[in-house]
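Peer 1: Just passing along the structure, written as structure tokens.
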Protein chains: 2
Amino acid sequence: MEVSPRLLVVRRGQEEESFHRGRAVVATAAGEKVLTLGAVDAPVFPRSSIKPIQAIPLVTSGAADKYGFSGAEIALACGSHGGSPLHVATAKSILKKIGSSHDALECGVHWPLDSGESRALAARGEKPTTLHNNCSGKHCGFLAVGAVRGLDTVGYTDASHPIMREVTNAISLMTGAELVESQACVDGCAIPAFSMPLVSVAAGFARLGAGEGLSPSLACSAKRIRTAIVQNPIMLSGKGRVDTSITAECHGEVFVKSGAEGVMAASIPALGYGLAVKIDDGAQRAATAVMANLLLQVLQKHSLVTTKAKSVLEGHARFRLKNWNGADVGSVEPVSLAGS
Amino acid sequence: MEVSPRLLVVRRGQEEESFHRGRAVVATAAGEKVLTLGAVDAPVFPRSSIKPIQAIPLVTSGAADKYGFSGAEIALACGSHGGSPLHVATAKSILKKIGSSHDALECGVHWPLDSGESRALAARGEKPTTLHNNCSGKHCGFLAVGAVRGLDTVGYTDASHPIMREVTNAISLMTGAELVESQACVDGCAIPAFSMPLVSVAAGFARLGAGEGLSPSLACSAKRIRTAIVQNPIMLSGKGRVDTSITAECHGEVFVKSGAEGVMAASIPALGYGLAVKIDDGAQRAATAVMANLLLQVLQKHSLVTTKAKSVLEGHARFRLKNWNGADVGSVEPVSLAGS
């Protein structure tokens, strides 16, 4: 097995304390590899990084139009939110529009991903519901597809349910990956999880960002989704969280979406590029830093980086570590991206 | 650079989703290597795994005797606690005995490591203090050393302060590692962090567990510390947390202590063995599983494992992954420990 390259180093003082290996790829909508690090044709579970593509049927089915989805609501369907009152209210708003309730959500319950929101919920004497699940927006989108199609949504998270089949088909069309229903694994929120080549995730994000190589209907849906994301980045994850921060601060130049187990996907619409990173060990800190560094290199090479975006991406790619007293104790630094 | 072996695989369904590389060693008090995986002479920052050894001066200085430390209080000085009311009360009790207060603690403030305790604190309308810092017990122990020595404790976390010099000296004596004050890095709780060969951490835990090769004073202190830990495992981390769980369920056969960035140290007193694991990428989930698997292999080889310990260690070494609905979605599995 090919050993993945070292992509990120964590130092204490000047000494190396930990490091992360992983794979990364920049690809075009046609699937052409612009830059590769490691085995980019080997499989990855894109997990939540694929959410913006899983939201395609929400638009292509006509549900977003019929129920009058706002941009914020479409963006929430693409996000892994932190469980803030704004996120919960937005999910509730979708359910009201489609005449459903949070009891219909099959994503399960967990305390808000954002620890501050989690404590705030506890301080209000409340407990989390399915609405606080980071995937609730996506699941509201699935219910909307079911509503517009007139389907019974019970069991909608099963790979063989018509809603999931529509979602799986959209992923195939967008990424070019062949997905076999009988080989579906299960994601944290109960829906099917398919593995696919890492480069396919990047190609999917290239198409999502630029609309190239897609049917008119898909291209139109992709545009609506990326517009919703770029205009409502707070719905992607939340205040102070990575996806929101990078997408908001790079205002339209790039959008990103992270997934569990060290995955991150991104799009640079102006170049028609998609990017995908998978850290071998599943560490999110590394996926974020490696993707930020990769975005920075690509944008700089094409003289596309603004001062603001440069500052934000550099801040995620390379930073000092502080202890609880705020003292400097070390650093996180990307390894040079030689590429191949 | 030697590539560390794969030690743990995380699967989604039957497919590999992530994996961890790392280093592990089983050593005797004399520093003899019984089993090695990867570069075990290469350095590691033991971080909090070294706490039971950092607590040695609390006993050797006479502070534990003078101030009448209970076993629970000594164990808290060796722990990275979850910030429960019991942990906070125990830290307060130490401070009262030595005539100090939490204002003297220089460890910094953070919300309890245990997310349930963190929400409970918020639900009570309270905010964390230095007492909730997972290292507060250790720092109370340092203040006790300062009190019995009649020292001004302001700035006690500096590598050049007499308390820290006594602690650093104890680490050197117990591990055999040469520690140079001017090369100290800084830990999360502000005290010096020294790197040392991974095998030195294992040798230190072998000596802590068996007392071999130590001066009478050190051997006596080591015995008091390991007795306190084994009799009060709840102080090591907390209910439902790894260090407490393994140490409690193996009642005396082994004790373990984890550290940040994927470190775990352990002792099997009956064999005079110490064990140390460092996961390259710093993942705690891997350090725990790899150490549990290693302990299981060693105990089984020597026919020392009880039914209860076997069940507990197997549960940490290899388990099924569930999603928010409780459905089975994958597994965590150790890679066969061929050793060298």
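The values are calculated or read from the model by the stated rules, or taken from the named source; none is laboratory data. As the structure is a computational prediction, the values presented were derived from the model and not from experiment. Cβ coordinates were reconstructed from backbone atoms using ideal geometry, including for glycine residues, and neighbour counts include every protein chain displayed.
Peer 1: Identify, please: which residue in region B:97-115 is surrounded by 18 or more Cβ atoms within 10 Å (Cβ to Cβ) and farther than 30 Å from A:Leu121 by Cβ and is, among those, farthest from the other protein chains (Cβ to nearest Cβ)?
Peer 2: By that ranking, first place goes to B:Lys97.
Peer 1: Okay, moving on. Based on this model, can you work out whether A:Leu151 counts as aliphatic (A, V, I, L, M), touching a helix residue (DSSP H, G or I) at 6+ places or on another chain (Cβ under 7 Å) and buried (at least 18 other Cβ atoms within 10 Å of the Cβ)? Before you say what the answer is, go through the steps one by one.
Peer 2: Numbers: aliphatic (A, V, I, L, M): yes; touching a helix residue (DSSP H, G or I) at 6+ places or on another chain (Cβ under 7 Å): yes; buried (at least 18 other Cβ atoms within 10 Å of the Cβ): no.
Taking the combined requirement at face value, the residue does not satisfy it.
Peer 1: For region B:286-296, enumerate the residues that are touching a residue at least 60 places away in the same chain (Cβ under 8 Å) and over 23 Å from B:Gly211 (Cβ atoms). So that I can check it myself, show each step before the final result.
Peer 2: Residues of region B:286-296 touching a residue at least 60 places away in the same chain (Cβ under 8 Å): B:286-287, B:289-291, B:294.
Within region B:286-296, B:Ala286, B:Ala287, B:Ala289, B:Val290 qualify.
Peer 1: Among the residues of region B:297-333, what is the count of those that are within 27 Å of B:Ala39 (Cα to Cα) and either touching a Lys or Arg at 6+ places or on another chain (Cβ under 6 Å) or assigned to a loop (DSSP other than H, G, I, E, B) (or both)?
Peer 2: 3
Peer 1: Could you grab me the full set of residues in region A:116-133 that are part of a helix (DSSP H, G or I), more than 7 Å from every other protein chain (Cβ to nearest Cβ) and not aliphatic (A, V, I, L, M)?
Peer 2: Hits for region A:116-133 are A:Gly116, A:Glu117, A:Thr130, A:His132.
Peer 1: OK, next. Filter region B:187-207 down to the residues that are out of contact with any Pro (no Cβ under 7 Å at 6 or more places or on another chain) and part of a strand (DSSP E or B), then identify the one that is nearest to the other protein chains (Cβ to nearest Cβ).
Peer 2: Start the filter on region B:187-207 by keeping residues that are out of contact with any Pro (no Cβ under 7 Å at 6 or more places or on another chain), which leaves B:187-194, B:198-200, B:202-207.
Next cut, part of a strand (DSSP E or B) only: B:192-193.
Details: B:Pro192: 10, B:Ala193: 6 Å.
Across region B:187-207, the extreme among qualifying residues is B:Ala193.
Peer 1: Inside region A:236-282, can you point out the residues that are surrounded by 24 or more Cβ atoms within 10 Å (Cβ to Cβ), away from every other protein chain (no Cβ under 14 Å) and not hydrophobic (A, V, I, L, M, F, W, C)?
Peer 2: A:Ser237, A:Gly238, A:Asp243, A:Thr247, A:Lys257, A:Ser258, A:Ser267, A:Tyr273, A:Gly274
Peer 1: Looking only at region B:134-160, how many residues end up being free of Cβ contacts under 8 Å to residues at least 12 places away in the same chain and either in a helix (DSSP H, G or I) or among the basic types (Lys, Arg) (or both)?
Peer 2: Result for region B:134-160: 0.
Peer 1: With respect to A:Leu294, is the statement that it is modelled with pLDDT of 95 or more, of a type outside the set (S, T, N, Q), crowded, with 19+ Cβ neighbours inside 10 Å and in a helix (DSSP H, G or I) true? Steps first, please.
Peer 2: Working: modelled with pLDDT of 95 or more: yes; of a type outside the set (S, T, N, Q): yes; crowded, with 19+ Cβ neighbours inside 10 Å: yes; in a helix (DSSP H, G or I): yes.
Yes.
Peer 1: Another question, then. Is it true that A:Lys257 is under 19 Å from A:Ala210 (Cα atoms), modelled with pLDDT of 95 or more and assigned to a strand (DSSP E or B)? Steps first, answer last, please.
Peer 2: Working: under 19 Å from A:Ala210 (Cα atoms): yes; modelled with pLDDT of 95 or more: yes; assigned to a strand (DSSP E or B): yes.
For A:Lys257, the condition - under 19 Å from A:Ala210 (Cα atoms), modelled with pLDDT of 95 or more and assigned to a strand (DSSP E or B) - is met.
Peer 1: Turning to a different aspect of this structure: Would you confirm, using the coordinates I've provided, whether A:Val312 is surrounded by fewer than 24 Cβ atoms within 10 Å (Cβ to Cβ), among the aliphatic types (A, V, I, L, M) and within 14 Å of another protein chain (Cβ to nearest Cβ)? Break it down into steps so the answer makes sense when it comes.
Peer 2: Working: surrounded by fewer than 24 Cβ atoms within 10 Å (Cβ to Cβ): yes; among the aliphatic types (A, V, I, L, M): yes; within 14 Å of another protein chain (Cβ to nearest Cβ): no.
Judged against the criteria, A:Val312 is not a match.
Peer 1: Please go through region A:238-270 and pick out each residue that is without any contact (Cβ under 8 Å) to a residue 40 or more places away in the chain and of a type in the set (A, V, I, L, M, F, W, C).
Peer 2: Those that are without any contact (Cβ under 8 Å) to a residue 40 or more places away in the chain and of a type in the set (A, V, I, L, M, F, W, C): A:Ala248, A:Val256, A:Ala270.
Peer 1: Right, next: Would it be correct to say that A:Phe19 is at pLDDT 95 or above and within 14 Å of chain B (Cβ to nearest Cβ)?
Peer 2: Numbers: at pLDDT 95 or above: yes; within 14 Å of chain B (Cβ to nearest Cβ): yes.
Taking the combined requirement at face value, the residue satisfies it.
Peer 1: Separate question: Taking the stated definitions as given, is B:Ala317 surrounded by fewer than 24 Cβ atoms within 10 Å (Cβ to Cβ), away from chain A (no Cβ under 14 Å) and small (Gly, Ala, Ser)? Write out each step before concluding.
Peer 2: Values: surrounded by fewer than 24 Cβ atoms within 10 Å (Cβ to Cβ): yes; away from chain A (no Cβ under 14 Å): yes; small (Gly, Ala, Ser): yes.
It is true that B:Ala317 is surrounded by fewer than 24 Cβ atoms within 10 Å (Cβ to Cβ), away from chain A (no Cβ under 14 Å) and small (Gly, Ala, Ser).
Peer 1: When only residues in region A:47-80 that are of a type in the set (S, T, N, Q) and in a helix (DSSP H, G or I) count, which is farthest from the chain's Cα centre (by Cα)? Reasoning before the result, please.
Peer 2: Initial filter on region A:47-80 (of a type in the set (S, T, N, Q)): A:48-49, A:54, A:60-61, A:70, A:80.
Within this subset, residues satisfying the condition of being in a helix (DSSP H, G or I) are A:48-49, A:54, A:60.
Values: A:Ser48: 5, A:Ser49: 3, A:Gln54: 10, A:Thr60: 20 Å.
Top of the filtered list is A:Thr60.
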